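Enquirer: Provided herewith is a single structure, encoded as structure tokens, for subsequent inquiry.
Derivation of every value follows stated rules applied to the coordinates shown; laboratory data play no part. Note that the structure is predicted; figures quoted are calculated from it, not measured. Cβ sites come from the backbone with ideal geometry, for glycine too, and all protein chains shown count toward neighbours.
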Amino acid sequence: MKPEGNRAHHACPVWMGHVLLCPFRRLGQNPDKILRPYVSDGMTVLEVGPGMGFFTLPMARMAGPRGKVVCVDTQPRMLDAVRRRAAKAGLADNIDTRTCPSTTLGIVDLAGKVDFVLLFAVAHEVPDTDTLFGEIAQAMKPGARCLVSEPLFHVSARAFDQTLAAALQHGLQVDHCPKIRSSRTAVLKLEMKGLIQRTPRAAQSIKVLDPAQQLPRLT
Ligand SMILES: C[S@@+](CC[C@H](N)C(=O)[O-])C[C@H]1O[C@@H](n2cnc3c(N)ncnc32)[C@H](O)[C@@H]1O
């Protein structure tokens, strides 16, 4: 999707990464409360634009030693801080950090493996949300969820709708819109129809239909 409205597209400076770790942020944006409904033991989580890891470490604890959080960010200094903080918290083994250019996440190896995706205060910094959600949809398992949250005073309702529209192009559907302070937020779910249309190879490998979940299992 082309830049429009109040989309900024400049990356958050490193000093802001430190500000975003402020413990007072938890009063309005508590990672445990926000993410507990979506992240559980053994999950593979993709976090785009983790900054210095305000949400990363809590998600790594929720995913536990059998799970992992893959963080992809354009700024190596943000990821250095994530690794330092993860090592200090004893979570280094559950967190994989990857630097990417702003044009692609480069996550082909994660195709069909991700249970949950977090994009917190990052979508407005990404120049091409069409490519972004295309890559995210490819990485998600059928039925996986993606929480997209944008800062209320920085991203207009129109710009947020445009972000969601880009996601919908790739088979994601709005599941619900949880309330998070000072944010515009939506939880998206990967719709099977979209996945099949966009990934014919994956569709070919569907062998078993699980009637309980109405979701095909990829074998
Ligand atoms: C405002 S910070 C948010 C950090 C974190 N999600 C939080 O809420 O504390 C945005 C982050 O997204 C990263 N970012 C910007 N453009 C990106 C892109 N195209 N791909 C991946 N990360 C990007 C920035 O480097 C920065 O770390």
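Enquirer: Taking a 18 Å limit on the Cα-Cα distance, which of the listed pairs Lys68/Lys141; Lys33/Lys179; Lys68/Lys113; Lys68/Lys179; Lys113/Lys189 fall beyond it?
Expert: From the list (Lys68/Lys141; Lys33/Lys179; Lys68/Lys113; Lys68/Lys179; Lys113/Lys189), the Cα-Cα distance tops 18 Å for Lys68/Lys179.
Enquirer: Test of understanding: what is the full-extension gain from Asp80 to Gln169, defined as 0.36 nm times their sequence separation minus their Cα-Cα distance?
Expert: The Asp80-Gln169 span can extend by a further 28.7 nm.
Enquirer: Quick check for me: using +1 on Lys/Arg Cβ and -1 on Asp/Glu Cβ, what's the dipole size of region 124-183 about its Cα centre, in debye to the nearest 20?
Expert: The calculation lands at about 320 debye.
Enquirer: Measure off 7 Å from each Cα along the Cα-to-Cβ vector at Asp109 and Arg36, then give the distance between these two points in nanometres to one decimal.
Expert: Label-label distance for Asp109 and Arg36, simple model: 3.4 nm.
Enquirer: If you stretched the chain out fully between Asp93 and Leu152, how much longer would it get, using 0.36 nm times the residue separation minus the C-alpha to C-alpha distance?
Expert: Contour length minus Cα-Cα distance gives 17.8 nm.
Enquirer: For Arg25 and Lys179 in the same chain, what is the full-extension length gain: residue separation times 0.36 nm, less their Cα-Cα distance, in nm? Spell out each step's value before the answer.
Expert: Working: separation 154, 0.36 × 154 = 55.44 nm, distance 1.52 nm.
Between Arg25 and Lys179, full extension yields an extra 53.9 nm.
Enquirer: From the square roots a ≥ b ≥ c of the eigenvalues of the alpha-carbon gyration tensor of region 1-119, which class results: rounded (a/c under 1.5), prolate (a/b over b/c), or oblate?
Expert: Rounded.
Enquirer: Just need log10 I(q)/I(0) for region 103-181 at q = 0.10, 0.16, 0.19, 0.26 Å⁻¹, Debye formula, equal scatterers on the alpha-carbon atoms, no solvent, rounded to two decimals.
Expert: Taken in order of the listed q values, log10 I(q)/I(0) reads -0.22, -0.57, -0.81, -1.46.
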